[in-house]
Ligand SMILES: CCCCC/C=C\C/C=C\CC/C=C/CC(=O)SCCNC(=O)CCNC(=O)[C@H](O)C(C)(C)COP(=O)(O)OP(=O)(O)OC[C@H]1O[C@@H](n2cnc3c(N)ncnc32)[C@H](O)[C@@H]1OP(=O)(O)O
């Protein structure tokens, strides 16, 4: 009993620095509907939360068609859903997955980084940082059920999770491919990849902008498991059950011990990172290449 109380105090003390200033901004979530068992179901236009209170797990489905690009509104809705689940003692784990067929997430929304003013870029980048910090440090077990392609920011979101299950489909690939767009993955993207696959593999993957197909992704360690497409959700559920078997306080503290130094680096350099991003993204050359890339994506169909 005394040990459990002590652990709770220690956990709160360790988590406190991240609790401050990391609250999601108010957004356009719909009203929470009361479930018959007292558990709230959360709805928002772009995020569907399917709670399984008996298991202590919620499935968070990203629904921002056509490609789940991480727009400012979508990021805000994701953060609000995460915060609600974290504040509800029913839940100990979430599975994040996509409701858009064949696409987990196309990454950061290029239209948020193109043809806007510096204030908008700063606001957007702060929301991207927030997404990374909140998911990376979540006290919940977070498992990614990756049921589609997952480049750049989509890969980053997966890398914040505790475990990644990827569907074995040759059309799917995952990686931080920023260099292919002529942009540079920020240091905290890089740190997250290094923490996952090691320095040498990360250096090669980042310089070459590699997008790994399933077998390669598993070999290099970008994902933890590759399974047939129809088993992605069930595998994520059974892995979740294993993780939830571990005493929660011990697991949470270990997660913080492992991730704190990486998160601290961004927390101490957050404003400078925003300034760097705004300076970089405002460059004519960067705007031109992002614009050309977007045009190429649009013309692909025609
Ligand atoms: C030393 C100094 C260092 C300083 C460093 C400081 C800061 C660092 C600076 C910048 C870092 C910024 C980091 C960015 C990370 C990112 O995430 S960038 C985004 C990367 N994402 C991609 O490259 C994916 C692009 N999309 C695709 O490849 C394909 O769309 C797809 C995902 C494979 C799906 O293909 P599909 O054929 O099904 O769909 P379409 O291609 O037809 O797309 C449909 C529709 O969606 C639009 N769209 C696609 N992706 C995006 C996106 N990421 N953002 C916005 N919009 C997107 C596409 O244009 C189509 O639009 P429509 O024609 O109007 O329907």
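The values are calculated or read from the model by the stated rules, or taken from the named source; none is laboratory data. Bear in mind the structure is a predicted one, so any value in this text is a computation, not a measurement. Please note: Cβ atoms are built from the backbone with ideal geometry, for glycine as well, and neighbour counts cover all protein chains shown.
Observations, loosely collected:
- Figure legend. Inter-residue proximity from segment 105-128: first residues more than 19 Å from residue 271 (Cα to Cα) and free of Cβ contacts under 8 Å to residues at least 60 places away in the same chain, second residues within 8 Å of the ligand (Cβ to nearest atom) and part of a helix (DSSP H, G or I), beta-carbon distance below 6 Å, spacing 6+ or different chains. Indicated pairs: 105/154; 107/153; 107/154; 108/153.
- Residue match in segment 77-96 (condition: in a strand (DSSP E or B) and within 15 Å of the ligand (Cβ to nearest atom)): no
- Counted residues, segment 51-104 - those being touching a residue at least 60 places away in the same chain (Cβ under 8 Å) and more than 17 Å from residue 157 (Cα to Cα): 4
- Among the residues of segment 173-188, just one is more than 7 Å from the ligand (Cβ to nearest atom), surrounded by fewer than 23 Cβ atoms within 10 Å (Cβ to Cβ) and closer than 16 Å to residue 67 by Cβ, namely 173.
- Among the residues of segment 113-136, those identified as more than 30 Å from residue 93 (Cβ to Cβ) and part of a helix (DSSP H, G or I) are 118, 119, 120, 121, 122, 123.
- Residue tally, condition free of Cβ contacts under 8 Å to residues at least 24 places away in the same chain and closer than 15 Å to residue 111 by Cα, over segment 264-296: 4
- Meets criteria (more than 30 Å from residue 121 (Cα to Cα) and at pLDDT below 95) for residue 27: no
- The residues on offer are 266, 297, and the sole one that is touching a helix residue (DSSP H, G or I) at 6+ places or on another chain (Cβ under 9 Å), modelled with pLDDT under 95 and closer than 28 Å to residue 96 by Cα is 297.
- Residue ID - surrounded by the most Cβ atoms within 10 Å (Cβ to Cβ), chosen from residues in segment 220-234 that are touching a residue at least 60 places away in the same chain (Cβ under 8 Å) and under 29 Å from residue 130 (Cβ atoms): 222
- Considering segment 200-295, the qualifying helices (runs of 4 or more DSSP H), each wholly inside and each with 1 or more residues that are within 19 Å of the chain's Cα centre (by Cα) and over 18 Å from residue 161 (Cα atoms), run over 248-268, 270-282.
- The listed residue being out of contact with any strand residue (DSSP E or B) (no Cβ under 8 Å at 6 or more places or on another chain) and surrounded by 12 or more Cβ atoms within 10 Å (Cβ to Cβ), out of 250, 217, 272, 241: 241
- One residue stands out in segment 147-172 among those that are touching a strand residue (DSSP E or B) at 6+ places or on another chain (Cβ under 6 Å) and outside any strand (DSSP E or B): the one that is farthest from the ligand (Cβ to nearest atom), namely 162.
- Complete set of residues in segment 78-89 that are more than 14 Å from the chain's Cα centre (by Cα) and closer than 14 Å to residue 141 by Cβ: 85, 86
- The set of residues from segment 67-91 being farther than 26 Å from residue 121 by Cα and buried (at least 20 other Cβ atoms within 10 Å of the Cβ) comprises 85, 91.
- Qualifying residues in segment 99-134 (those that are closer than 17 Å to residue 48 by Cβ and in contact with a helix residue (DSSP H, G or I) (Cβ under 9 Å, 6 or more places away or on another chain)) - the one nearest to the ligand (Cβ to nearest atom): 103
- Test result for residue 144, under 21 Å from residue 205 (Cβ atoms), more than 9 Å from the ligand (Cβ to nearest atom) and in contact with a helix residue (DSSP H, G or I) (Cβ under 7 Å, 6 or more places away or on another chain): yes
- Scanning segment 39-77 for residues that are out of contact with any strand residue (DSSP E or B) (no Cβ under 6 Å at 6 or more places or on another chain) and under 18 Å from residue 141 (Cα atoms) yields 52, 53, 54, 55, 56.
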